[in-house]
Amino acid sequence: MSTAPTPGQGAAVPLARTPTHDSIAAGTGMDAVTLLVGDLDRQLRFYRDALALDVLDEPGDRFGTSPASVTLGRGSTPLVVLQHTPDLPPAARGSAGLFHTAILFDDEAGLAATLASVAQREPTSYVGSADHLVSLAFYFTDPEGNGVELYWDRSRSLWNRDAEGRIQMDSLRLDPNAFLGQHLTDDLLEQPGAGDAVVGHVHLSVGDVPSARAFYVDALGFDVTAQWHGALFVSAGGYHHHLAMNTWNSAGAGPRASALGLGEVRIAVPSADDLGALADRVGFAGYPTAHDGETLRFEDPWRNLVRVSATS
């Protein structure tokens, strides 16, 4: 994972209030992220053994050949899909794609149990941590260079907003050993998969922030929650962010070539009506879509594939 700046480093970029627009449904959230991987066995060991995710689906053919993909999660909730694509090359340096997949834990104990598991099994994957005021976050890089954030949210009642209504975030020092000392117990050491988790947000590397804002805010309807030098944070329903886009390693990047890394970002809207409304607004904005009645698919300006479905 890059050592590029994180939110809160440096002065914030002044923001004009977001123009009035039809926001995406308030109950919108993130779903599993698909990664295109070259070494499925190695990636599986990281996500299953170190991150203590459960294998939810491992499709193979009737002759028992290796699976083309593996879905992992917690309980019945999918978080990551590893799609085996060994013929693809690694992503070029400076290209657009995934910055990190952020897995949100229900409580600090569950987060501590997973952190301890990663520390034991993949200690070199750790790249940093931060207190973001709204959350406590720990950062890792998987064996093929995909960023992973493991985090826990403070109560929304403790989030502060500025005069423009933006959620206040920062990147303050967070000692991982102190966090483990406070929340890890002997029982949790024996249960690295303890605690429920979901994909809380997805952070993307993009070529420029204005194009990201035009697509994710103006076309899709997410609301801006913060903007820092080279980065934009957006959400639905007042969350601190469901999506973030930055240019820290990818300024000027054009559409992605086929490569390992991000395969698909999934978004879940509350209802079929919300899905239809989103299809209309994305199409009206001039972006090609494919809509089969159950899922809506489209690409952002950097060919990051987005799939949206309704939860009910």
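Please compute the net charge surrounding P301, taking Lys and Arg as +1 and Asp and Glu as -1 over other residues with Cβ under 15 Å from its Cβ. With Lys, Arg at +1 and Asp, Glu at -1, the net is -1. Taking a point 7 Å from the Cα of Q120 along the Cα-to-Cβ direction, none of the residues of region 162-180 has its backbone N closer than 12 Å to it.
Panel note: the C-alpha atoms of region 137-210, placed on their principal axes, show extents of 47, 36, 24 Å (largest first). Just add up the charged neighbours of P192: K/R +1, D/E -1, any other residue whose Cβ is under 10 Å from the Cβ of P192. Cβ neighbours under 10 Å give a net charge of -1.
Could you tally the net charge around Y126, taking each other residue with its Cβ under 14 Å from the Cβ of Y126, Lys/Arg +1 and Asp/Glu -1? Mind dumping the intermediate values first?
Numbers: positive: R121; negative: E122, D142, E149, D175.
With Lys, Arg at +1 and Asp, Glu at -1, the neighbours total -3.
Of all beta bridges that DSSP places with both ends in the chain, some 75 percent have antiparallel geometry. For region 35-47, the Karplus equation 6.51 cos²θ - 1.76 cosθ + 1.60, evaluated at θ = phi - 60°, returns couplings of 10, 8, 10, x, 10, 5, 4, 5, 5, 5, 4, 5, 6 Hz by residue, with Gly and Pro reported as x. Model label points for D41 and R297, set 7 angstrom from Cα along the Cα-to-Cβ axis, are 3.1 nm apart. Note on the chain: with a GNM built from Cα contacts shorter than 10 Å, the maximum mean-square fluctuation among G207, G230, G27 falls on G27.
Over the chain, what percent of the accessible surface lies on carbon and sulfur atoms, probe 1.4 Å?
Working: 6740 of 13700 Å².
Carbon and sulfur atoms account for 49 percent of the accessible area of the chain.
Within the chain, all pairs of alpha-carbon atoms sorted by distance into 20 Å bins from zero give the percentages 33, 61, 6, 0. Kirkwood-type hydrodynamic radius, region 199-255: 11.1 Å, calculated from all non-identical alpha-carbon pairs.
When you work out D = kT/(6 pi eta Rh) for region 94-171 at 37 °C and 0.692 mPa s, using the Kirkwood radius from C-alpha pairs as Rh and the Stokes-Einstein form, the result is 238 µm²/s. The smallest convex shape that holds all Cα atoms of region 243-289, its convex hull, gives 126 Å³ per residue. For trypsin sites (Lys or Arg not before Pro), the sites in region 117-189 that DSSP calls loop and that have at most 11 other Cβ atoms within 10 Å are R173.
In region 228-312, Rg over Rh equals 0.98, where Rg is the alpha-carbon radius of gyration and Rh the Kirkwood radius from pairwise Cα distances. Take every Cα-Cα pair in region 104-143 and report what % of them are more than 12 Å apart. Above the 12 Å cut-off, region 104-143 has 62 percent of its Cα pairs.
Solvent-accessible surface of region 230-312, taken per residue with a 1.4 Å probe and all protein chains present: 40 Å². Taken over region 165-275, the percentage of Cα pairs per 5 Å bin, counting from 0 up to the bin with the maximum distance, is 2, 9, 15, 17, 16, 13, 13, 8, 5, 1.
Only helical DSSP H runs with n ≥ 4 go in: add -39500 (n - 2.57) per run for the chain, normalise by residue count and round the 222 nm mean residue ellipticity to 500 deg cm²/dmol. Walk me through the numbers on the way to the answer.
Values: 6 runs with 49 residues, N = 312.
Taken over the chain, the calculation gives -4500 deg cm²/dmol.
The values are calculated or read from the model by the stated rules, or taken from the named source; none is laboratory data. The structure presented is a predicted model; accordingly, all values stated were derived computationally and were not measured. All Cβ positions, even for glycine, are placed from backbone atoms using ideal geometry, and neighbour counts span all protein chains on display. SASA here: full protein model, heavy atoms, side chains in, ligands and nucleic acids out. Shrake-Rupley method; radii C 1.70, N 1.55, O 1.52, S 1.80 Å.
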